[in-house]
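The values are calculated or read from the model by the stated rules, or taken from the named source; none is laboratory data. As the structure is a prediction and not an experimental result, all values here were calculated from the model. Reconstructed Cβ throughout: ideal geometry from the backbone, glycine too, with neighbour counts over all protein chains shown.
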Amino acid sequence: MSASTAPSAPMVALRRALQPGRPISGQSLARSLGVSRTAVWKMLEDLRAWGYRIDAAPRRGYRLVSAPDLPLPWEVAMALPPSLAGLPVHFFPVVGSTNDEARRLAEAGGPAGTVVVADRQTSGRGRRGRTWVSPPGGLYFSVLVRPQLEPRHVSLLSLASAVAVTRAVQSALPGAGARVKWPNDVIAGGRKLAGILAELSADQETVRFAVIGIGINVETPELDPAPAAGGLPPIGLRQLGWTQPRAEVLGRVLAALHRLLGGFEPRQLPAAALVAEASSLLAWKGEEVEVQTPSGSWRGRLAGLAGDGALVLERAGGVRQRLYAGDVTLREAGGPPPTDPGGPRSIERGG
Ligand code: BTN
């Protein structure tokens, strides 16, 4: 089936009206949705084609038996706060990379806040040229933002996204211990739960748009628990106890991201509040870490974040150093293995 586009208001209303154990007649549906009975019938057929089981009994009407766990646009709309319910959400059963689709929509003039989500990616990308393995059942999505931002401040977008995912997970699973692994991963119990790849269209002074790609592990049974070199083994939301549909996760992340960025088209990022929130959720604060940066590898105590989102490392002799990019690994005994001296593997088992 081809991609579905932004949800129509009657479809969202129909989906809300259809509840397990509560049959509703075609006539009542048509009246409350403000459409014809034929239109209701057509929408019900569309839902069935996506895998919904809907019973129809002669005098009682339609009853939802089960809904597929797919982040379909109307399911996402139901998981969003009312102020965001009109967000354009494009769902693809299979796509190369949601970041590529979001970029295509951005270049065609798509509005800020456009979301592209897929059940599966065939060319999912991670950072540093890695592949993001994207089997069905994970959560792979990209959000188009049009901030008024200088390119050098763009790392705050990824930091905000890591905070948004962490907050969304914490809100449903407070005991899971989700934390931000600077600069843009989310971990739980020392394992990688989510990764972020923000890509820009910018010139030297201005960002035209940014595509924030987020991959969250949901089901991970078939993933190799061995970490990629220098990386962390994966963990999925289901392993942490999350039982709700993927659309609910996506709705929570989008709501948190919208709050943290001050909208999807912010004139100015609320940087101080954002960095303060990231600091409070930071993994490995006070621990001995190693940070691999493009200019070399640094060891020290992870002291926290500076006001601009840089990582502050306290090195031997108390020297504090700000780092703006890099991969952090824990040096403590029992922590993950140090970075492979041979360099990062090209494939990260993550998605
Ligand atoms: C990383 O940790 O290396 C970042 C992984 C980012 C993966 C997401 S999945 C949705 C979006 N589409 C992609 O191709 N990549 C990002």
Q: Specify the residue that is farthest from Arg301 (Cα to Cα); the eligible residues are those in the range 171-200 that are among the aliphatic types (A, V, I, L, M) and in a helix (DSSP H, G or I).
A: Ala172
Q | Subset tally (residues that are within 19 Å of Ala162 (Cα to Cα), touching a strand residue (DSSP E or B) at 6+ places or on another chain (Cβ under 8 Å) and without any contact (Cβ under 8 Å) to a residue 40 or more places away in the chain) for the range 256-301 | A | 3
Q. Looking only at the range 60-78, which residues are within 16 Å of Leu18 (Cα to Cα) and part of a loop (DSSP other than H, G, I, E, B)?
A. Arg60, Ala67, Pro68, Asp69, Leu72
Q) Of the residues Val249, Val211, Val218, which is closer than 22 Å to Leu139 by Cβ, in a loop (DSSP other than H, G, I, E, B) and among the hydrophobic types (A, V, I, L, M, F, W, C)? A) Val218
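Confirm whether Gly213 is touching an Asp or Glu at 6+ places or on another chain (Cβ under 8 Å) and near the ligand (Cβ under 10 Å from one of its atoms).
Numbers: touching an Asp or Glu at 6+ places or on another chain (Cβ under 8 Å): yes; near the ligand (Cβ under 10 Å from one of its atoms): yes.
The answer is yes for Gly213.
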Q: Give the residue that is farthest from Ala210 (Cα to Cα), with candidates limited to residues of the range 181-190 that are modelled with pLDDT of 95 or more and within 13 Å of the ligand (Cβ to nearest atom).
A: Ile187
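Answer yes if at least one residue in the range 183-203 is acidic (Asp, Glu) and surrounded by fewer than 23 Cβ atoms within 10 Å (Cβ to Cβ), and no otherwise.
If we filter the range 183-203 for residues that are acidic (Asp, Glu), which is where we start, we get 185, 199, 203.
Now drop any that are not surrounded by fewer than 23 Cβ atoms within 10 Å (Cβ to Cβ), which leaves 199, 203.
Yes, the range 183-203 has at least one match.
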